[in-house]
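S.K.: Let me give you the structure first, and then I'll get to my questions.
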Amino acid sequence: MKVTPIFFFVFASLSSYNGFSQNSKTSTTTKVGEKYAYVNVIKTYERVAEKGYKSIDLFETLGNAFYADMNMEKAAKWYGELFAITSDVKTIHYDQYAKSLYAIGEVEKANGIIEKLNKKLNK
């Protein structure tokens with residue numbers, strides 16, 4: 001019978017401590033957010049790539065970002081750069097590159113990418 005009151009006291013103590021800790025973290029995050037300016041990472045990556053830096057991760061990131069933003073012209077550009085520097089590309093990027101090419105009217109090139117994807121999948 002004495003276990004129940006002790007259990008209740010411990011549970012109540014832990015619950016109230018957890019509640020105060022959440023409020024403290026939230027206000028700290030708010031303060032940090034007010035001190036720093038928002039940086040558009042994709043624009044920065046794009047400037048870096050246009051200056052001549054080439055990286056698989058960079059081109060994947062740019063292609064994915066513009067594809068998600070429905071900017072198919074830029075997505076096709078960066079996926080094209082990705083395919084130019086490596087043949088070891090994830091299958092999802094074949095699909096997204098082909099769709100972005102279809103969207104901008106480059107149907108023949110898109111069909112070629114789909115053929116490459118089919119060859120990769122049938123191996």
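S.K.: Which residue out of Y36, Y45 is modelled with pLDDT of 60 or more and aromatic (F, W, Y)?
M.R.: Y45
S.K.: Give me the pairs, please: first residue somewhere in the range 103-118 and at negative phi, second residue anywhere and surrounded by fewer than 16 Cβ atoms within 10 Å (Cβ to Cβ), beta-carbon distance under 6 Å, and either six or more positions apart or on two chains.
M.R.: Note: pairs meeting the criteria are I104/E73.
S.K.: Hey, another quick one. Among the residues of the range 86-121, write down those that are loosely packed, with under 14 Cβ neighbours inside 10 Å and of a type in the set (A, V, I, L, M, F, W, C).
M.R.: I92, V107, L121
The values are calculated or read from the model by the stated rules, or taken from the named source; none is laboratory data. Since this is a predicted model, take the numbers as computed values, not measurements. So basically every Cβ, Gly included, is an ideal-geometry build from the backbone, and we count neighbours across all protein chains shown.
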